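Chemist: Structure in structure tokens, see below.
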Amino acid sequence: MPLRLATFNIENLMARFDFSGFRKHWRQDRVVRLFDVEDQELYRDLERARLISETDDTRQLSALAIAETGADILCLQEVDDMAALQAFEESYLFRMLGYGYRQKILVEGNDSRGIDVAVMMRDRTRDGLPIELVDVRSHATLTYQDLDLFTPQIALTNQPQDRIFRRDCLEVDVKIGGKPLTLYVVHFKSMAGSREDGDARMATMPVREAEVRAVRHIIEQRFGRDTGNRNFVICGDMNDYQERVKVIGDRLDGYRFEPVQDEMSALDIFSRDGFAENIVRRRPELDRWTLYHARGPEEQHLCQLDYLWLSPALSRANPDVVPQIIRNGQPYRTVFPPGQTVERFPRIGWDRPKASDHCPVVASLEIA
């Protein structure tokens, strides 16, 4: 009887207002920028009204995407705090799913914006197997010098005593019907950069490489020579890809889709010697994407940023499992390859509202 395991970057599940846009125009929402607002208190009132109205639609759509996964255990990224997670589950998910995710795990991590990784679990799988929480460990305090990961490339932006993980590596031990499973929930360094920057992905690659090496170190230190025979899954938004699909063209002239294998990825550290398997690669080449990226018609692609990496033991136990990617919450601006278009959830907009900029990934796994 399988476990339904999902990962989802829910995109800014926030419980607070950000008023910094009054003085920093690049932080303003685009609709507010249409108006000349010179009074700070008026700006704060407008921002509150805008965000509350927009958030209700967004979180209904996020809940629909989660409901579509049918997940027994859900790994989340970009959650503000436990209060926000609790309010979302009680006010949105419960209305759709009823009895549901009573077990919730969140440890405050390192992100400068305050967004964290989290886990929600049912008490039992959909088939009735008990889900028992055994242990939780945060690795947010690990530093580069702790794991000897400080390199000249890292030194360009960090100090030896700086923390490795931009959020956390949240280690969660559970038992599914009495059988052990360990989850490593992560949200790696983003490929952030301004339009004037060079290759932002390559510029931030050393930080992600250190994060990936740290996750692998944590797992190998724990399981030692028996790593390949243990049940573990590395879940989350890894902000990197090993391949992508270039989207060429526009809505008037039509689109072409060109698969591209990238020569370098931080995630090669997981895959190169069979340490873990990215089971999304079991899907067809054009159908592995979880995010659409665009900076106008000249720069657009589809790529996988959201992962379920299975240990060798879990991979062997689930040789025919092909994960689902839930794309019904994507906005209409997302360009779908031929044959992949799905029926969007009600009230989806061109760019917003949407469930998230990411798509949930879910797999049904036998835990041996």
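Chemist: Counting only Cα atoms, I'd like the Rg/Rh figure for the chain, Kirkwood definition for Rh.
Modeler: Rg/Rh for the chain comes to 0.95.
Chemist: Per-residue accessible area for GLU285 at 1.4 Å probe radius, Å² rounded to 10?
Modeler: 90
Chemist: What is the extension gain from LYS24 to MET264, computed as 0.36 nm multiplied by their sequence separation minus the C-alpha to C-alpha distance, in nm to one decimal?
Modeler: Extra length available between LYS24 and MET264 comes to 82.9 nm.
Chemist: Tell me, what is the per residue accessible area of the stretch 1-129 in Å², probe radius 1.4 Å?
Modeler: Working: 6480 Å² over 129 residues.
Per residue, the stretch 1-129 has 50 Å² of solvent-accessible surface.
Chemist: Another question about this same structure. In Å², and per residue, what accessible area does the stretch 156-195 have when probed at 1.4 Å with the other protein chains present?
Modeler: 41
Chemist: Under 17 Å from a label point 7 Å along Cα→Cβ of THR55: give me every residue in the stretch 1-23 with its amide N that close.
Modeler: Within reach of a label on THR55: 10-21.
Chemist: Of LYS24/LYS354; LYS104/LYS189; LYS175/LYS246; LYS24/LYS104; LYS104/LYS354, which ones are farther than 31 Å apart at the Cα?
Modeler: Pairs exceeding the cut-off: LYS175/LYS246; LYS24/LYS104.
Chemist: Separate question: Would you please put 157-167, 42-52 in order of how densely packed they are, using the mean number of other Cβ atoms within 10 angstrom per residue and starting with the highest?
Modeler: Numbers: 157-167: 18.1, 42-52: 14.1.
Answer by packing, highest mean first, reads 157-167, 42-52.
Chemist: Just VAL172, VAL185, VAL342 to compare: in a GNM of the chain, with alpha carbon springs under 10 Å, which one fluctuates most?
Modeler: VAL342
Chemist: Hey, in the chain, which Cys have no second cysteine's beta-carbon closer than 4.7 Å?
Modeler: CYS169, CYS303, CYS359 - these cysteines have no disulfide-compatible partner (Cβ-Cβ under 4.7 Å) in the chain.
Chemist: How large are Rg and Dmax for the stretch 141-210 when only the alpha carbon atoms are used, in Å?
Modeler: Cα only, the stretch 141-210: 15.7, 53 Å (Rg, Dmax).
Chemist: Between the alpha-carbon centers of the stretch 155-195 and the stretch 309-331, tell me the distance in whole angstrom.
Modeler: A separation of 20 Å, based on Cα centres.
Chemist: Return the Cα extents of the stretch 34-180 along principal axes one, two and three, sorted largest first, each rounded to a whole Å.
Modeler: 61, 50, 21
Chemist: Using only the alpha carbons, work out the radius of gyration and Dmax of the stretch 1-113 in angstrom.
Modeler: Calculated on Cα positions, Rg and Dmax stand at 16.7, 60 Å.
Chemist: Using 0.36 nm per residue, how much length does the chain from ARG33 to ASP199 gain when fully extended, once their Cα-Cα distance is taken away?
Modeler: That works out to 56.9 nm of additional length.
Chemist: Also: Size of the dipole of the chain about the Cα centre, Lys and Arg at +1 and Asp and Glu at -1 on the beta carbon, nothing else charged, in debye to 20?
Modeler: With Lys and Arg at +1 and Asp and Glu at -1, about 620 debye.
Chemist: Of VAL174, ALA214, MET191, which is farthest on the positive side of the dipole of the stretch 156-256, counting Cα position, with +1 on Lys and Arg Cβ, -1 on Asp and Glu Cβ, and the Cα centre as origin?
Modeler: It is VAL174, whose Cα lies furthest towards the positive end.
Chemist: Ignoring ligands, DNA and RNA, please state the percent of accessible area on the stretch 252-346 from carbon and sulfur, probe 1.4 Å.
Modeler: The computed percentage sits at 48.
Chemist: Tell me, what are the semi-axes, in whole angstrom and largest first, of the equivalent ellipsoid of the stretch 299-368 as set by the roots of 5 times the Cα gyration tensor eigenvalues?
Modeler: 29, 13, 11
Chemist: Then there's this: Given +1 on the Cβ of Lys and Arg, -1 on the Cβ of Asp and Glu, and no further charges, what dipole in debye does the stretch 1-120 carry about its Cα centre, rounded to the nearest 20?
Modeler: So the magnitude is around 180 debye.
Chemist: Have a look at the DSSP beta bridges in the chain and tell me what percent are antiparallel, nearest 5.
Modeler: On the way: 56 of 68 bridges.
Of the beta bridges lying entirely in the chain, close to 80 percent run antiparallel.
Chemist: Same structure again: Among the trypsin sites (Lys or Arg not before Pro) in the stretch 194-269, which ones are in a DSSP loop with at most 15 other Cβ atoms within 10 Å of the Cβ? Mind listing them?
Modeler: Filter output for the stretch 194-269: ARG195, ARG251.
Chemist: Now, a different point. So for each of 24-31, 344-351 I average, over its residues, the number of other beta carbons within 10 Å; can you give me the resulting order with the highest mean first? Kindly include the intermediate steps, with their values, before the conclusion.
Modeler: On the way: 24-31: 11.0, 344-351: 14.4.
Top to bottom by mean Cβ count within 10 Å: 344-351, 24-31.
Chemist: For GLU366 and GLU90, calculate 0.36 nm times their separation in residues minus their Cα-Cα distance, and state this gained length in nm to one decimal.
Modeler: Residue separation times 0.36 nm, minus the Cα-Cα distance, leaves 96.4 nm.
The values are calculated or read from the model by the stated rules, or taken from the named source; none is laboratory data. Quick caveat, the model's predicted, so the values are computed rather than measured. Methodologically, a virtual Cβ is constructed for each residue, glycine included, from the backbone with ideal geometry; neighbour enumeration extends over all protein chains shown. Keep in mind that these areas ignore ligands, DNA and RNA; they rest on the heavy atoms of the full protein, side chains included. Shrake-Rupley method; radii C 1.70, N 1.55, O 1.52, S 1.80 Å.
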